[in-house]
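Reading through the structure tokens given below for one structure.
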Amino acid sequence: MKYIKLYFLVALLIISCKPIQESTSISSKSTSLIKQDLREIQGGMWIPSLLEGMNEIEMLQLGSKMTAKDIYDVNNSSLKDAIVHFNGGCTSEIISPNGLLLTNHHCGYSAIQSHSTVEKDYLTDGFWAMNYEEELPNPSMNVTFIKRIDDVTSEVFKGVTATMDEASKLKIISQNIEKVAKTTQKEDWQNANIKPIYHGNQYLLFVTETFDDLRLVGAPPTSIGKFGSDTDNWMWPRHTGDFSMFRIYADANNHPAEYSKDNVPYKPNHYLPISLDGVEEGDFTLVFGFPGRTNEYLPAVGVAQIVNVLNPARIEIRDNSLKITDSFMRKDADIKIKYASKYASTANYWKKWIGENQGIQKSNAIVKKRELEAEFTKIVNEKDLEAYKTLLSDFETLYTQIESVALAREYWSEVAYRNVELLGITFRAYQLEQAYLKGGEPAFNKVRESALNTFKGIYKNYSLKVDKPVFERLVALYAEKSPKEYLPSTMKGVNFTELTNNIYANSKLTSLEGAEKLLSGTPEEVIKKLNDDRAYAFGKELHTIFYNNLEPKFQALNLQIEAVQKQYMKALKEVFPNNRFFPDANSTLRVTYGQVKGYEPKDGIYYNTTTYLDGVMEKYVPGDYEFDVPKKLVDLYNAKDYGQYGENGKMPVNFIGTNHTTGGNSGSPAIDAQGNLIGLNFDRVWEGTMSDMNYDPDICRNIMVDIRYVLFIIDKYAGAKNLIEEMTLVHPKK
Ligand code: ARG
Ligand code: ASP
């Protein structure tokens, strides 16, 4: 790729700040986009095909040397050709001409786990394929490239009129979407997905290519890939080598194909060169990936509901579940193994919500939103924008109406579905009964088979010792704190210790054998046995209320809230035409940019941008399950044997920047001003996890693994020189 030196021009503009000359290539409109305060041009997750104009100029101001076309181009290779959606949840990037893919250790975790046995424990020891033959297939995983993005808004809105009610609009929209997807130009092996942005005010078509033959290439031991574990999760300073490597395989035509040993390494249109020059404070960084979901344009009343009502409930439930589980994990090695992964996943968002609440409070986000809304109302009234006059009061009414429904739904999902395992099991059984009622025996048989399969996985890691006290505590919380109108009579005025003892002593659903017995026989027999089971009967009442009462109410109100949100989004852009409005994340491909930058978490404390291997050794606790370090890493550290990857005798490990990221950005590449890979995104700092609702460039930081640490581990620690040789290592600063 060539980098047009547009930035000289912008640099000149910033310095001179004179109106732009006719003869230059940036239009006079662009000068209004030059801002003096760099804080004002960070944040946001932008659509890669729509960067020309404002985003391009902001990036140049922040130090980028790339044009919009270097990042996204349909006719020539561009950065976007190296960015890959990883198994629907994370991001990954191509780093060699042979389809070598880099993502996080926590994104590859289940693949690494699935290949591990007691004899070959890749989670503990790491895994490195020294040639193609040693790479391990993962039949249930896939990765997706974005080939092209088109704006299809006018096709999607064809036939929709302003006077229609929301349901009719949505019906026509979904018919149009189907039509566009069917008629769009694409190759046989490609797919077409249409997704809304700006809460349904605009629609984009994504032509994609999905590859199913994905093989595990390398992973460091968990003591490097997940160093610091839950204690360090969402925290800075951080010292984690959170990476793993895969390879994409294609058929002889370089097209997607099911796994076959005849498949060959995929030849990408672009792969990222890797910079060995490192970063320093102020350097430009761009993060390219698939952020899952943000809620940046909620009204104050919506944020307040999350912060004051929903988050506290979720946090309290998980707090209780985690404390009980932890007390058993600490004294029982078997339980520790069985619950490690579940514990980590429950703890992940528990910790995130606590940080989010603190951040929203500390940054005064709700008050600031109220101020913005007052200004909005003032302008709407001045300009007499009739269609927007009731939006904020509609929000107030709807959020008030949905509050108890949303809270009860949260209790159901956190207690009866997610955190009490026995109740989660009754939910599967409930689905089985429903399948029979709705679809007769064929449906029953299908669901029974998949339920039994799921049960095998669940019971393998199940301990009644843990689940029983969790049940007692969480069900009591549910009864005490969830809105009363959605509670079954079985939960009112009961002694929870007795209830728990009774259920766990009598239910067949506390073991795999028992569950298999319950589920054997004719559908009528199974349904009868289930309904006679104490745990099932208890769970069924909760699930029935959820499906018959809670969910329909929630969905109806939510549909109305979304309709208002769609109007509000449109109104905001109109009322504040000079503000930057990025479309909320929705798992579509996005670019975010910023700078390497430290921050001040508290008065008197400044956090540096970079951590080093010295910090790993400071945290090292031999034998500890979170802070142990492999001996070989200690040896390399003692010998200061960092090869070409060290910096002034030190080994950089992690760094932070102002890039606006969220869940799903894990594994995203951090890219320098010239398009080289400098880091691997994997987390955010705790004080800034509020960025999903209120990005603030002073406090929100994403956390990246320095790419030189990744290379050092591959080369010096694992000795996988074969992988280093495939890559293109560059020195852009020298
Ligand atoms: N907080 C990060 C994210 O949301 C990392 C999670 C994985 N790491 C962990 N220690 N649980 O995905
Ligand atoms: N750790 C997150 C992920 O897995 C990233 C984040 O929420 O910052 O996507």
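FYI, it's all coordinate maths here, none of it is from the lab. Here the structure is a predicted model, which is why all the values come from computation and not from measurement. Neighbour counts are summed over all protein chains in view; Cβ atoms, including those assigned to glycine, are modelled from backbone coordinates with ideal geometry.
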Report task. Please order 660, 731, 270 by the number of other Cβ within 10 Å, starting at the fewest. Result -> 731, 270, 660
Report summary line: For residue 640, counting only lysines whose alpha-carbon sits under 25 Å away and dropping same-chain residues fewer than eight positions off, the answer is 226, 619, 631, 632, 650, 716, 721, 733, 734
Query raised in the report: Semi-axes of the range 106-167's equivalent ellipsoid from the Cα gyration tensor, sqrt of 5 times each eigenvalue, largest first, rounded to whole Å?
Result: 48, 16, 8
Query raised in the report: If eta is 1.002 mPa s and T is 20 °C, what Stokes-Einstein diffusion coefficient results for the chain, Kirkwood Rh from Cα pairs, in µm²/s?
Result: 77 µm²/s
Query raised in the report: Tally Lys/Arg at +1 and Asp/Glu at -1 over every other residue whose Cβ is under 11 Å from the Cβ of residue 581; what's the total?
Result: 0
Requested in this report: Straight distance only, please: which aspartates and glutamates reach the Cα of residue 331 with their own Cα at less than 17 Å, same-chain residues fewer than 8 apart left out?
Outcome: 467, 624, 626
Query raised in the report: What is the sum of charges around residue 490, taking Lys and Arg as +1, Asp and Glu as -1, for the other residues whose C-beta is under 13 Å from the C-beta of residue 490?
Result: +1
Report task. Quick one, could you list the DSSP H helices from the chain stretching 27 Å or more along their long axis (Cα atoms) with average Kyte-Doolittle hydropathy of 0.0 or above? Result -> 391-411
Query raised in the report: What is the order of 372, 100, 423, fewest Cβ neighbours within 10 Å to most?
Result: 372, 100, 423
Query raised in the report: When the helices in the chain are scored as -39500 (n - 2.57) per DSSP H run of 4 or longer and the sum is shared across all residues, what 222 nm value do you end up with, to the nearest 500 deg cm²/dmol?
Result: -13500 deg cm²/dmol
Query raised in the report: How would you rank 700, 90, going from fewest to most other Cβ atoms within 10 Å of each one's own Cβ?
Result: 90, 700
Report summary line: Counting only DSSP loop positions in the range 146-224, the GluC sites (Glu not before Pro) whose Cβ has at most 16 other Cβ atoms within 10 Å are 187
Report summary line: Scattering profile of the range 399-440 from the Debye formula, Cα beads only, expressed as log10 I(q)/I(0) at q = 0.30 Å⁻¹, is -0.88
Report summary line: Of all GluC sites (Glu not before Pro) in the range 249-299, the ones in DSSP coil with at most 11 other Cβ atoms within 10 Å are 258
Query raised in the report: Using a cut-off of 13 Å between alpha-carbon atoms, which aspartates and glutamates can reach residue 602, once sequence neighbours fewer than 8 places away in the same chain are excluded?
Result: 687, 698
Requested in this report: Find the percent of Cα-Cα distances in the range 565-605 that exceed 14 Å, and round it to a whole number.
Outcome: 67 percent
Report summary line: Taking r as the C-beta separation of residue 501 and residue 628 and R0 as 51 Å, the FRET efficiency to the nearest 0.05 is 0.85
Query - Members of 369/566; 446/492; 378/484 lying beyond 29 Å, as alpha-carbon distances in this model show - result: 446/492; 378/484
Query raised in the report: Can you list the trypsin sites (Lys or Arg not before Pro) in the range 348-401 that are in a DSSP coil and have 16 or fewer other beta carbons within 10 angstrom?
Result: 383, 389
